Each structure stands twice: as structure tokens, then as C-alpha cells.
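Heads up: the structure comes next, in C-alpha cells.
The values are calculated or read from the model by the stated rules, or taken from the named source; none is laboratory data. The model shown is predicted, which means the values in this text are computed figures rather than measured ones. Neighbour counts are summed over all protein chains in view; Cβ atoms, including those assigned to glycine, are modelled from backbone coordinates with ideal geometry.
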Amino acid sequence: MRIKILVGIAAAALLGFGQPAMSHEEPEEEKTEGWTGTGEFGYVQTSGNTDTSTLNLGLAFGYEKDVWRHTITATALRSEKDSVTDAERYTFGGQSDYKLSDRSYVFGALRYTNDDFAPYDTTTSMSVGYGYTLIDNGIHFLLGEIGVGYRLQQVALTGEDEDEAIVRGRLDYSWAVSDTTDFTNLFLVEAGSDNTYYENTTALGVAINSKFAVKAAFQWRYNTELPPGAIDDTDTQFTTNLVYNF
């Protein structure tokens, strides 16, 4: 119940608060206000001695107008082996930025994860802070963020809630390798007195045309402290998706 209340409050706040959209991938003079978005889809199925299927979905929406920038993201991953679910993970993220200048801004952010096979069934974190664009030359882009917030996690084995104040840091890097190829790396850390969470996502995308691209991504997640009964402090995920830009 506490998680549902937190998500509701944060989602309402995001109507006035949000995150930098994907506009940084364009040269400064080409940035336009309004909506941008991408959708991703990946599916693999095998049959024979072992029947497996994996479905991976992703959505990202960005909106920019005047001094505000907003982004909402959502992902879903479901994997089955011999008709038994062996991986299921859903995420939601949102952030709003209020620009102080062309490079600096203040933000409010929300991150929610539901993972039935992780040490924590659900994680909800909310934070506020300051961001600054360190590099933006049309080829390389790098921004950094630092902030403080609150995190609530539900332990998978016991259902108990663990909550604590956190310090949040984020580094967002992209490199336009060529006219059709982009390399990106997104690093997130949420440090608390009881547990520090690290997440790093590296991706390589190749455009097919102006609307479609293919992308391969690798994500690494790590918790410094595990609740009693948890086995592994590290999770990894590799995906290949078809991307549609709209």
C-alpha cells in the first residue's frame, strides 16, 4: 500500500516536474519543442528439446516546452522456459527538469521497479537535485546529475519494507559514431546507509531509416547489501530490439 501511495504522489508531481528527453541527440540548432518518443520490441522463441520464449518491450516519451523538459519511460521483460516463467521485470521512470540556463537545471525524479526474481520485489525511489550538461558538441553528449531522495524496497522473501534516505547520482553519455550509429551509456547510483544500488546500461543502435533502428543493449545491476536469504548481488540483462522513432 505504501508503494502505491508513493507512486501516485510522484506521478502527480511529474505533471509539473520531469527528465531530459532524447533531444540531446540532435545538434543544438535542431532542437525543437514538443513531443518525441521511441518504442522498442524484441521477441525470441525456440522449440524442440526445450521450449523458451522471451518478450522485451520499451517505451520512452519526452516533452519540452520553454523552461520545462519531461520524460517518462517504461519497460517490460518476460521470459518463459517450458511454460514456466523464469524472469519477469517491469520498470517505470519519470523526471522533470526546470532549466536554469542552457546547460543547468533542477529536477524531480521517480524510479519504480517490480522484479519477481530479484532480492527486492519492488523498489520505489524519489529524488530531487541539480543537473548540468558537461559536453554537447553534436557528436559527444554528457550530462551529470546529483541529488537526494528517499527509497522504499520490499524484501522478496519476507515482504517486509525497507526504507532509507539516499544520495542519487546519474551520468548520461552518448556518442554519434556515424550518421547511422549511436553509442550510449547510462549510469545510475542510489547510495543509502543500508544499501547502495548501481545500474549501468550500455547500448549500440544502428538506424535502418529515419523511423526504424536496431539496438543491442547490456544492463548490469548491483546491490552492495542483500536481505537475508538472497543469493546473488548482481543481475545482468542483454537485449536486442527493433526500435521505432515517433
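With the checklist (1) closer than 29 Å to Glu40 by Cα; (2) surrounded by 16 or more Cβ atoms within 10 Å (Cβ to Cβ); (3) of a type outside the set (A, V, I, L, M, F, W, C); (4) touching a residue at least 24 places away in the same chain (Cβ under 8 Å) in hand, flag the one item Gly149 doesn't pass.
So Gly149 meets the others, but not (1).
How many of the residues making up segment 48-73 are small (Gly, Ala, Ser) and within 17 Å of Leu242 (Cβ to Cβ)?
Restricting attention to segment 48-73, the residues satisfying the condition of being small (Gly, Ala, Ser) are 48, 53, 58, 60, 62.
Subsequent filtering for residues that are within 17 Å of Leu242 (Cβ to Cβ) retains 53, 58, 60.
Count: 3.
Residues that are surrounded by fewer than 17 Cβ atoms within 10 Å (Cβ to Cβ), in contact with a strand residue (DSSP E or B) (Cβ under 8 Å, 6 or more places away or on another chain) and under 17 Å from Ala156 (Cβ atoms): does segment 204-221 have at least one?
No, segment 204-221 contains no residue that is surrounded by fewer than 17 Cβ atoms within 10 Å (Cβ to Cβ), in contact with a strand residue (DSSP E or B) (Cβ under 8 Å, 6 or more places away or on another chain) and under 17 Å from Ala156 (Cβ atoms).
Does Ala230 count as more than 18 Å from Leu171 (Cα to Cα), touching a Pro at 6+ places or on another chain (Cβ under 7 Å), of a type in the set (Gly, Ala, Ser) and touching a residue at least 12 places away in the same chain (Cβ under 8 Å)? Before you say what the answer is, go through the steps one by one.
Working: more than 18 Å from Leu171 (Cα to Cα): yes; touching a Pro at 6+ places or on another chain (Cβ under 7 Å): yes; of a type in the set (Gly, Ala, Ser): yes; touching a residue at least 12 places away in the same chain (Cβ under 8 Å): yes.
Yes.
Being modelled with pLDDT under 95 and loosely packed, with under 15 Cβ neighbours inside 10 Å is true for just one of Thr181, Thr158. Which residue is that? Full working, then the answer.
On the way: Thr181 fails: modelled with pLDDT under 95.
After applying the criteria, what remains is Thr158.
Filtering segment 14-55 down to residues that are of a type in the set (A, V, I, L, M, F, W, C) and either assigned to a strand (DSSP E or B) or within 18 Å of Leu134 (Cα to Cα) (or both), which residue is modelled with the highest pLDDT?
Keep residues of segment 14-55 that are of a type in the set (A, V, I, L, M, F, W, C), which gives 14-15, 17, 21-22, 35, 41, 44, 55.
Now narrow it down to the ones that are either assigned to a strand (DSSP E or B) or within 18 Å of Leu134 (Cα to Cα) (or both): 21-22, 35, 41, 44, 55.
Numbers: Ala21: 38, Met22: 38, Trp35: 93, Phe41: 97, Val44: 80, Leu55: 94.
The selected residue is Phe41.
Any residue that is over 21 Å from Asn200 (Cα atoms) and in contact with a Ser or Thr (Cβ under 9 Å, 6 or more places away or on another chain) - is there at least one of those in segment 133-154?
Yes, that holds for at least one residue.
Among the numbered criteria (1) over 29 Å from Ala176 (Cα atoms); (2) under 18 Å from the mean Cα position of the chain (by Cα); (3) in a strand (DSSP E or B), which single criterion is violated by Leu142?
(1)
Of all residues in segment 63-109 being more than 22 Å from the chain's Cα centre (by Cα) and not in a strand (DSSP E or B), which is surrounded by the most Cβ atoms within 10 Å (Cβ to Cβ)?
Per the criteria, the residue is Leu100.
Which one of the conditions (1) surrounded by fewer than 16 Cβ atoms within 10 Å (Cβ to Cβ); (2) of a type in the set (Val, Ile, Thr); (3) at pLDDT 95 or above; (4) in contact with a Gly (Cβ under 8 Å, 6 or more places away or on another chain) does Thr240 fail to meet, given that it meets all the rest?
The one condition Thr240 does not meet is (3).
Asn114: of a type outside the set (A, V, I, L, M), without any contact (Cβ under 8 Å) to a residue 40 or more places away in the chain and surrounded by 17 or more Cβ atoms within 10 Å (Cβ to Cβ), yes or no? Quick ask: steps written out before the conclusion?
Working: of a type outside the set (A, V, I, L, M): yes; without any contact (Cβ under 8 Å) to a residue 40 or more places away in the chain: yes; surrounded by 17 or more Cβ atoms within 10 Å (Cβ to Cβ): yes.
Here the answer is yes, as Asn114 does meet what is asked.
If a residue must be closer than 23 Å to Ile231 by Cα and either aromatic (Phe, Trp, Tyr) or not in a strand (DSSP E or B) (or both), how many such residues does segment 115-139 contain?
Summing the residues that are closer than 23 Å to Ile231 by Cα and either aromatic (Phe, Trp, Tyr) or not in a strand (DSSP E or B) (or both) in segment 115-139 gives 5.
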